[in-house]
Structure formats: C-alpha cells, structure tokens
1. Apply the Kirkwood formula to segment 1-143: the hydrodynamic radius equals the inverse of the mean of 1/r over all pairs of different alpha-carbon atoms; give it in Å with one decimal.
2. Could you check how many percent of all C-alpha pairs in segment 221-278 are farther apart than 15 Å?
3. Give me the three principal axis extents of segment 230-348 from the C-alpha atoms, as integers in angstrom, largest value leading.
4. Roughly speaking, what is the centre-to-centre gap between segment 20-34 and segment 133-170 when only Cα atoms are used, to the nearest Å?
5. Would you calculate the convex hull of the Cα atoms in segment 62-301 and tell me its volume per residue in Å³?
6. Output ³J(HN,Hα) for segment 299-306: one whole-Hz value per residue in order, computed from phi by the Karplus curve 6.51 cos²θ - 1.76 cosθ + 1.60 with θ = phi - 60°, and x for Gly and Pro.
7. Would you calculate the convex hull of the Cα atoms in segment 327-409 and tell me its volume per residue in Å³?
8. How much mean residue ellipticity at 222 nm does the chain get from its helices, if each DSSP H run of length 4 or more adds -39500 (n - 2.57) and you divide by all residues, to the nearest 500 deg cm²/dmol?
Amino acid sequence: MSFDDLSRDQIQALFDEQTAAYRALQERGLKLDLTRGKPSPEQLDLSNELLSLPGADFKDASGTDTRNYGGLTGLLELREIFAPIMRVPTSQVVAGDNASLAMMHDNLVFALFHGVPDSEQPWGVEESVKFVCPAPGYDRHFALLEEYGIEMVTVPMNADGPDVDAVREAVKDPAVKGMWLVPTYSNPTGAVISEAVAAELAALETAAPDFRIFWDNAYAVHHLTDQQTKTPDILGLCVASGHPNRPVIFASTSKITFAGAGVSFLGSSPDNIAWYLSHLGKRTIGPDKVNQLRHARYLGSTEGVHALMERHRAILAPKFETVVTILRDRLAEYGIADWTEPAGGYFVSLDVLDGTASRVVELTREAGVAMTPAGAAFPYGEDPRDRNIRIAPSFPSPDDLATAIDVLATSVLIAAAEQYLA
Ligand code: PMP
C-alpha cells in the first residue's frame, strides 16, 4: 500500500502511530552515531598484531634501517603488496603516511602552485579551475575543492559510474582540470564503475590538455559478498587511449588495518610519479617507514590483504543486512524511500521523499541519533532534491545499529506523513 493509495485519514493515523513510537524512542535517551564510516573496535582488533611489530628487527628487505630518514617512495615490499590491488606497476606506486586524503590534498595544491606535467601554467594562475563531481559523492572530496576555490560541476552518479554524457559535455570547458571518482563501492551509493564507462572516461577528448581523473579507490578490496568485484584498469585504459598521465590513483589501508594509523598509496604514470615526488620531497624527508614495515610484515602479501578483508566482511556484512532488512520491513510498502543494497564499501545511501531529508535528519537528531547532515554528499552541501541521506553502519554495535535504523525509519515515515498532510 503506497502513500499515494492512502486516504488523508489513513496517513493521519500512520502519523499518529509513528509519532507515538518516536516519543517512546525519544524517552530512551539514546546517544547513537551513524555519521562517519569508521571501523568498529572489533574490526580494529583484527590488526592488533601491528602494535607489537616490527619489534627489534626494524630493517626492511633491502637492509635499510626504517627508523631513519629517507626512502621517499616508501618500502618496496609494501608497494609490491598493493600494486596489484591498484592495478599499477610497483615502480609507479608510492607508499605514504596514514591518509590518502592528504595525498589528494597535496596533488591539488602542487597542481595549483606548479601545474602538472601537461600544464601550460600552474592551475592557480588560471582565471578559474573546475572539477567534475559525480554526486552523490564523498563530502571530503568536495570540501577539498571548496577549500581551494575550485569550482564544482555536478554530474549524476549512476549505478555503473558517472553519467558519461554529462562528463563529456563538462570537459569541453578548458577550465575543467579534473574529476573525482570513487570507482568501486563508491561513497555513498556503493556504485561500481563498469569497464565500458571507465574506457569512455579514459578516451574522452578534453579541452584541458592536463585533465586528471582522481581515481580514489578507497574501497578496492572491501567486498560484502562472495563477488570479488575487480576495479577497471584505469591506467591501462588511459595509456591505450593516449592519455597516460590522466589517472591519479589513490588507496589506503584505513579500512584494512587502523583507520588512523595505516598507510596511503598513490599510483600513476612515470611522469606523474616523478612530478609528485619532486614536490613531495620538499614537504617531507620521507614517510613513516616503521609503520610501512609493520604493515608489510603483518599483511605479508596481496593474498594476506584479501584474507584480512574476509574477516572484516564477517563483521560488516551482517550490519549491512540489518540496515537493509529494517528499511525494507518498515518502509518498502509505502513507496516513499529507496536505498542502495551495496555489495561492498562502507555506506548505504537512502533517498527519502523529495524535500524531506533535512527534516528526517532533524527528527533523528532530536531522538538521539546523529546522521551526516542532509546534502553532505553533494557539492556545496546542496542536495537539489533534499532527499539523500548517507548511512554509515560500520561503527555501532549490532544492537545499537538496529535501534538507530528504527529511529531513522520512524523519522522517514513521520516526515513523509507531515509533507502529505501539510
Ligand atoms: N576516500 C573515500 C572515498 C573515503 O570514503 C574515505 C574515508 N571515509 C577516504 C578517502 C579517506 O581515506 P584515508 O583515511 O586514506 O585518508
């Protein structure tokens, strides 16, 4: 029975019933948080062995003392483990410190001050610089652009990647220097880019000769099902299309080992890597190689990474199941919401009735459940339809998560009923 088939009296009755349920939830004095995709303590515990590594043997495979300065490119044995995941030759992978977001930041800032290998001048002296932003997308990507005055051009994010026609149109503007993309299990919709879309993006004719795809593969190995979805080989596709310098590939162990004490990775063409290292070398004498060594020892191999991710999956998949089951049970019959059922990654993306997302988030907050602000997944925080809400199920305990999603579903129903009755 969808809302459209209900009479005004029936909607009023539903509103009254849900409001009573909401009050009862409010009286429980909840304090729950679904805002950020943080691993749970149980997930972090999987990597506690790191805390006692590397121990007294602190030399890497080549005999270098990891405690000392140097080694800008990062430890070879760890780059070898992640190169196949990034689909980049090891010689074109840099291992860094604990945040790939910092690498993305540096790439933008270096480009603004110096230009990239194919630039005629620094991006920062151009009249305007723009980035294509598939939305819904990752709020921190958008925040970085806003921080540096880079204009955002929104394109729709579909289930198989960004809307290529919209991207094709946008890149006719020479001010468009790049685009963001989370190719696998995207934040927040869980979309996985298809080979066909990746190939089209690799081949696109762009007005800017120095156009870059910031390919943020934060969830490359973060499967929630048996299907081990493989990310397209964007470097190979770009090389084949004659745009070898186009992709800049990011990854990290933030959701593999410790979110705050992991290792970040950057992969790209030999020219881009040389460019990055030349500027990075002014910013730091070298990364935390002790952390890199303990990661190499703990993970052991690319297979070791996949085995660890299976253990994460055992903890995470039931949580995603909880979210989807409650949303289905509570909301499906009313036709007022849609949600993703991702095969990997860290988020469920919920679309509620147009114009009610902000109200839903307000209601959940007043019942003690913190959600990411409505609109956060859009450039400038503006969801043109005020309908999208990002759910991050990883951190709360299973019981807390179920309660939080119950509050959310109740709030979705109340906000929808309010709109119908208004
Ligand atoms: N990229 C995406 C798409 C993310 O969702 C996140 C974490 N929420 C990050 C990057 C952050 O990665 P890191 O911890 O390596 O900075």
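1. On the way: mean 1/r = 0.0458 Å⁻¹.
In segment 1-143 this quantity evaluates to 21.8 Å.
2. Working: 1018 of 1653 pairs.
The share of Cα pairs beyond 15 Å in segment 221-278 comes to 62 percent.
3. Here the spans come out as 57, 38, 27 Å, largest first.
4. 35
5. Details: hull volume 27.8 nm³, N = 240.
That works out to 116 Å³ per residue.
6. 6, x, 6, 4, 4, x, 5, 4
7. Working: hull volume 8.3 nm³, N = 83.
Dividing the Cα hull volume of segment 327-409 by its residues yields 100 Å³.
8. Values: 13 runs with 171 residues, N = 422.
When only DSSP H runs of four or more count, the value is -13000 deg cm²/dmol.
The numbers here are math on the coordinates, done by the rules we state, and not lab data. All values derive from a computational prediction rather than experimental measurement. Cβ atoms come from the backbone with ideal geometry, glycine included; neighbour counts cover every protein chain shown.
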